[in-house]
Amino acid sequence: MASFNFCRVFLGGRLTNDPELKTTPSGVSVCSFCVAVNRRPSKDGESKADFFNCTAWRSTAEFISRYFHKSSSIFVEGSLQQRSWENQEGQKRTVTEVQVENAYFVDSKSEMEERTGFSPASRNDGPAYVPDAYKATAPAFEEIDPESDSLPF
């Protein structure tokens, strides 16, 4: 029987607030945010949502804080992590968070501009983030003559 030692998480939802970007004392960027994910409507049509605390590190943290804002649609990929600590009253507290490895745009450019007045393509402060895992596997694209008979459509 196979044994799995990790939990993969994929969430699609909206940010409940602007992402909060901080820097650790050693200079590492960390971003915290919450994603609201709608549940399927109940039989009586009532809609509910679940709220997931998320943390991203380094370039992913910088990407999220730069291009996403309160109410932005976002799709995140990562893993679950549970932390425990003791509060000032000596009570044990536990939190489960999504450790985000990749984040993706969901809204179209026009939807994002309409809702927030913000367009990632209008920024001049660098290219959009491409996760390192995809850089090595990204296919190379070549120009094709649209008049060519070799096009499949």
Given the criterion of a type in the set (Gly, Ala, Ser), exposed (fewer than 10 other Cβ atoms within 10 Å of the Cβ) and either modelled with pLDDT under 65 or farther than 24 Å from GLU20 by Cβ (or both), identify the matching residue among SER148, SER119, SER108, SER84. SER148
Tell me which of these ASP50 doesn't satisfy, since it passes every other one: (1) in contact (Cβ under 8 Å) with a residue 40 or more places away in the chain; (2) surrounded by 10 or more Cβ atoms within 10 Å (Cβ to Cβ). (1)
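In the range 59-81, what count of residues is obtained for those that are more than 21 Å from CYS7 (Cα to Cα) and exposed (fewer than 14 other Cβ atoms within 10 Å of the Cβ)? Break it down into steps so the answer makes sense when it comes.
From the range 59-81, those more than 21 Å from CYS7 (Cα to Cα) are 59, 62-73; that's our starting set.
Still in the running and exposed (fewer than 14 other Cβ atoms within 10 Å of the Cβ): 59, 70.
Final tally of qualifying residues: 2.
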Considering only residues that are in contact with an Asp or Glu (Cβ under 9 Å, 6 or more places away or on another chain) and assigned to a strand (DSSP E or B), look in the range 36-56 and name the one that is farthest from VAL100 (Cα to Cα). ASN38
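Can you find even one residue in the range 3-12 that is touching a Gly at 6+ places or on another chain (Cβ under 7 Å) and within 21 Å of ASP107 (Cα to Cα)? Reasoning before the result, please.
Restricting attention to the range 3-12, the residues satisfying the condition of being touching a Gly at 6+ places or on another chain (Cβ under 7 Å) are 9.
Those left that are additionally within 21 Å of ASP107 (Cα to Cα): 9.
The answer is yes; a qualifying residue exists.
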In the range 17-35, which residue that is surrounded by 13 or more Cβ atoms within 10 Å (Cβ to Cβ) and polar (S, T, N, Q) is farthest from GLN99 (Cα to Cα)? SER29
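The values are calculated or read from the model by the stated rules, or taken from the named source; none is laboratory data. Worth saying up front: this structure is predicted, and the values here are computed from it rather than measured. A quick note on method: Cβ atoms are made from the backbone with ideal geometry, for glycine too, and the neighbour counts reach across all protein chains shown.
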